[in-house]
1. Test of understanding: among 148, 251, 231, which residue is outside any loop (DSSP other than H, G, I, E, B), β-branched (Val, Ile, Thr) and over 28 Å from residue 127 (Cα atoms)?
2. Scan segment 165-198 for residues that are closer than 15 Å to residue 155 by Cβ, part of a loop (DSSP other than H, G, I, E, B) and away from the ligand (no atom under 11 Å from the Cβ) and jot them down.
3. In segment 197-216, how many are open to solvent by 40 Å² or more (accessible area, probe 1.4 Å) and not charged (D, E, K, R)?
4. Can you spot a residue in segment 152-161 that is closer than 19 Å to residue 43 by Cα, surrounded by 12 or more Cβ atoms within 10 Å (Cβ to Cβ) and of a type in the set (D, E, K, R)?
5. With respect to residue 136, determine if the residue is within 24 Å of residue 205 (Cα to Cα), within 8 Å of the ligand (Cβ to nearest atom), aliphatic (A, V, I, L, M) and touching a helix residue (DSSP H, G or I) at 6+ places or on another chain (Cβ under 6 Å).
6. Answer yes or no: is there a residue in segment 67-76 that is assigned to a loop (DSSP other than H, G, I, E, B), in contact with a helix residue (DSSP H, G or I) (Cβ under 7 Å, 6 or more places away or on another chain) and under 30 Å from residue 28 (Cβ atoms).
7. Any idea which residue in segment 199-228 is farthest from residue 169 (Cα to Cα), counting only those that are outside any helix (DSSP H, G or I) and more than 15 Å from the ligand (Cβ to nearest atom)?
Amino acid sequence: MKKTLSMLAVAAVISAATPAFASEAEVPPHQKWPHQGVFGTYDKAALQRGFQVYKEVCAACHSMKLLSYRDLTQLGYTPEQVKTVAAEYQIPDGPNDEGEMFERPGRPADRFHSPFPNDKAARAANGGALPPDMSLLSKAREHGDDYIYSILTGYEEKPAGFDLMPGLNYNKYFAGHQIAMAKPLNEGQVTYTDGTANTLEQQARDVTQFLAWASEPHMEQRKGMGLKVMIFMLAFCGIMVAAKRKLWADIH
Ligand code: HEC
């Protein structure tokens, strides 16, 4: 009893010492994603649409340095289509025989073209804030899928009395509620080649799934292997039980 009382006292002190932090970001609501769960797989059509959103919108500011164009064949693009996508970019290369750096059209083996030559240039173009590289963003944030989707759909008018710093935007789900990124996605922004309706929510869902794939391209193999191991273990267990019964059958 005494112990419980002192525990309660400690809890009271702790909660008094940490007042509800007014600007703490809201927890992003949980969404259902096709790639989650033991049997979850990537929805390739969604990944292709998500890549289109990344390419046409996010790639203006966010790099994805760990991806190569050839990785896109995993989304169902043919090697020819990948070649065409890569060739749309001018990739820095060199030095040539004269010792000079030069640019050439991208090839499938090249890493994704970065929008800025370095972090300082990226900050200078974004009011001092650095757009993070997106290769692993989905894994680097808690509840990455829900978080990214919520940031994209969480822009709102600031509540009355909220002290928004100049150049920042109000977002329900970003820590501190102020984000340097202006609302990047709007209704009807990307015209999908497969005719899917381009609502804000649809585009946000698609690009979120693309970023999930980018941060774990081998998820399906990993889950497939896990399942095979489980099936093997179950079968093995059955054999061992049968063997035990047989061996011990006469000893009673
Ligand atoms: C005009 C430049 C620009 C574009 C376009 C842009 N972003 Fe951003 N983004 C930023 C900047 C700058 C930040 C850093 C914000 C901050 O620190 O306040 C950011 C931050 C983010 C964050 C929060 C990252 C974190 O650290 O938690 C997410 C998620 C995000 N962007 C997703 C996207 C997606 C998805 C797209 C494409 C649909 C996109 N952004 C397009 C500039 C941009």
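The values are calculated or read from the model by the stated rules, or taken from the named source; none is laboratory data. Just so it is clear, the structure is predicted and the values come from calculations on it, not from any experiment. FYI the Cβ positions are ideal-geometry reconstructions off the backbone, even for glycines, and counts take in every protein chain you see. Note: areas computed on protein heavy atoms with side chains; ligands, DNA, RNA excluded. Shrake-Rupley method; radii C 1.70, N 1.55, O 1.52, S 1.80 Å.
1. Just a single option satisfies the conditions, and that option is 231.
2. 172, 187
3. 4
4. Within segment 152-161, not a single residue is closer than 19 Å to residue 43 by Cα, surrounded by 12 or more Cβ atoms within 10 Å (Cβ to Cβ) and of a type in the set (D, E, K, R).
5. No; evaluated as a whole, the condition is false for this residue.
6. Yes, that holds for at least one residue.
7. Here is the first cut: in segment 199-228, the ones outside any helix (DSSP H, G or I) are 199, 216-218.
From what's left, more than 15 Å from the ligand (Cβ to nearest atom): 216-218.
Values: 216: 30, 217: 32, 218: 36 Å.
Here the answer is 218.
Residue-by-condition table, conditions (1) modelled with pLDDT under 95; (2) among the small types (Gly, Ala, Ser); (3) under 18 Å from the mean Cα position of the chain (by Cα):
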site: 153; (1), (2), (3): no, no, yes
site: 175; (1), (2), (3): yes, yes, yes
site: 186; (1), (2), (3): no, no, no
site: 209; (1), (2), (3): no, no, yes
site: 212; (1), (2), (3): no, yes, yes
site: 219; (1), (2), (3): yes, no, yes
